[in-house]
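Engineer: First the structure, then my questions, so here it is.
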Amino acid sequence: MIGEEIEVLYEVDSTNEFLKRNYKSFHDGAIVVAIKQTAGKGRMGRTWYSPEGGLWYSVLFKPKVHLNLHVYTKIFSIAIVEVLRKLKVKAYIKWPNDIYYNGKKVAGILSEAVSVNDRVIAIIVGIGINVNNDIPEDLKDIAISLKDILKKKVKITYLLDTVNKHAWNLLITYRNETENITKLWKKYLVPKEGDKLKVKVDDQIVEGTVLKIGDDTLYIDVGGKVIGVQSIHQIVE
Ligand code: BTN
């Protein structure tokens, strides 16, 4: 189960970093929730703004057989989107795994592996959801909170519980058929195959058409040449 063991911290640098330091003291499926983070981390070394009112937590996985990191990330992105849709928030996944509503980011996921002597011994999936927190003025064009979408506050414990239960169900249902996780993820994913988009590659913005979506690569036709776009690249439009 996810969240049977739970540690709630009032303030921490980052729940991912906390679990990286303390993973030995927790069991598989344990979660660490913070009321606020002082050094929340986003993907690609970005800062994740995490004041009181949001849902900031990390899940620890220590299974005997590890699934690929992207599988855990996809499971949580699907779980968050499906839980939000039940709340009548038409969320979608912006490639690779950002949760968006109407062009603005509602939630993000940062999955990290802990390795010892090149062997993965734990996986940490960090989840950040803008729930009842205010979005600062300079981020209002790109981010939004659930309370501003729904015009009312959302119970954080309800969200935590339902996302974890749903992620667990997805994990036990599909762990031996991860191609079905990819299929489900693609259902909520933007862009879709055939869409046109602009991507920043090596500081250059290139425009192309999505030919194929792989597990962690977008194959784009740029003027007859196929380029593979990975999550370190940025989709501009
Ligand atoms: C992203 O979209 O860039 C990923 C954001 C992940 C934020 C969460 S909040 C809980 C956990 N602790 C962190 O420092 N980051 C993740």
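No value in this document is a laboratory result; all are computed from the given coordinates. Given the structure is predicted, the values throughout are model-derived calculations rather than measurements.
Engineer: Given H placed 1.01 Å from N in the peptide plane, which residues other than close sequence neighbours of G53 have an amide H under 5 Å from its amide H?
Structural biologist: none
Engineer: Still on this structure, please answer the following. Given the options N180, N133, N117, which has the most mean-square fluctuation in a GNM of the chain, springs set between C-alpha atoms less than 10 angstrom apart?
Structural biologist: So, out of N180, N133, N117, the one fluctuating most is N117.
Engineer: What does DSSP give for the stretch 1-120 in terms of the percent of beta bridges that are antiparallel, rounded to the nearest 5?
Structural biologist: Working: 13 of 19 bridges.
For the stretch 1-120, the DSSP antiparallel bridge percentage is about 70.
Engineer: Go ahead and estimate [θ] at 222 nm for the chain from helices alone: -39,500 (n - 2.57) per DSSP H run with n ≥ 4, summed, over the residue count, rounded to 500. Provide the component values of the computation, followed by the final result.
Structural biologist: On the way: 5 runs with 61 residues, N = 237.
About -8000 deg cm²/dmol.
Engineer: Okay, moving on. Only helices at least 18 Å long along their axis, Cα-based, and averaging -1.0 or more on Kyte-Doolittle count here, so list those DSSP H runs from the chain. Write out the running numbers ahead of the final one.
Structural biologist: Numbers: long enough: 69-86 (26 Å, 0.92); 156-174 (27 Å, 0.37).
Helices passing the filter in the chain: 69-86, 156-174.
Engineer: A further question on this structure: Using θ = phi - 60° and the Karplus relation 6.51 cos²θ - 1.76 cosθ + 1.60, list the HN-Hα couplings for the stretch 201-212 in order, rounded to whole Hz, with x at every Gly or Pro.
Structural biologist: 10, 6, 6, 10, 9, 10, 10, x, 10, 6, 8, 8
Engineer: A follow-up question, please. Could you pull out every residue, at least 5 positions away or on a different chain, whose amide H is within less than 5 Å of the one on G29? Hs are placed 1.01 Å off N in the peptide plane, and Pro or chain starts have none.
Structural biologist: L60, F61, K62
Engineer: Ordered by residue, what ³J(HN,Hα) values in Hz, to whole numbers, does the stretch 124-141 give under the Karplus form 6.51 cos²θ - 1.76 cosθ + 1.60, where θ = phi - 60° and Gly and Pro are x?
Structural biologist: Karplus values, whole Hz, x for Gly and Pro: 10, 10, x, 10, x, 10, 6, 9, 10, 7, 7, 8, x, 3, 6, 10, 4, 7.
Engineer: Apply the Karplus parameterisation 6.51 cos²θ - 1.76 cosθ + 1.60, with θ equal to phi minus 60°, to every residue of the stretch 29-38 and state each ³J(HN,Hα) to the nearest whole Hz, in sequence, with x for glycine and proline.
Structural biologist: Once θ is set to phi - 60°, the couplings for the stretch 29-38 become x, 5, 10, 10, 10, 10, 5, 8, 10, 8 Hz.
Engineer: Shifting gears a bit: Scan around V201 for amide H atoms under 5 Å from its own, H built in the peptide plane at 1.01 Å from N, and keep only partners 5 or more places away or cross-chain.
Structural biologist: Under 5 Å from the amide H of V201 lie the amide H atoms of V206, each far enough along the sequence or on another chain.
Engineer: How many percent of DSSP beta bridges within the chain run antiparallel, rounded to 5? The partial results should precede the final answer.
Structural biologist: On the way: 46 of 55 bridges.
Expressed as a percentage, antiparallel bridges in the chain total about 85.
Engineer: Report, in listed order, any pair from K94/K147; K165/K186; K41/K198; K90/K187; K90/K186; K74/K147 with a Cα-Cα distance greater than 19 Å.
Structural biologist: Details: K94/K147 21 Å; K165/K186 21 Å; K41/K198 26 Å; K90/K187 13 Å; K90/K186 15 Å; K74/K147 24 Å.
As for pairs spanning more than 19 Å Cα to Cα, those are K94/K147; K165/K186; K41/K198; K74/K147.
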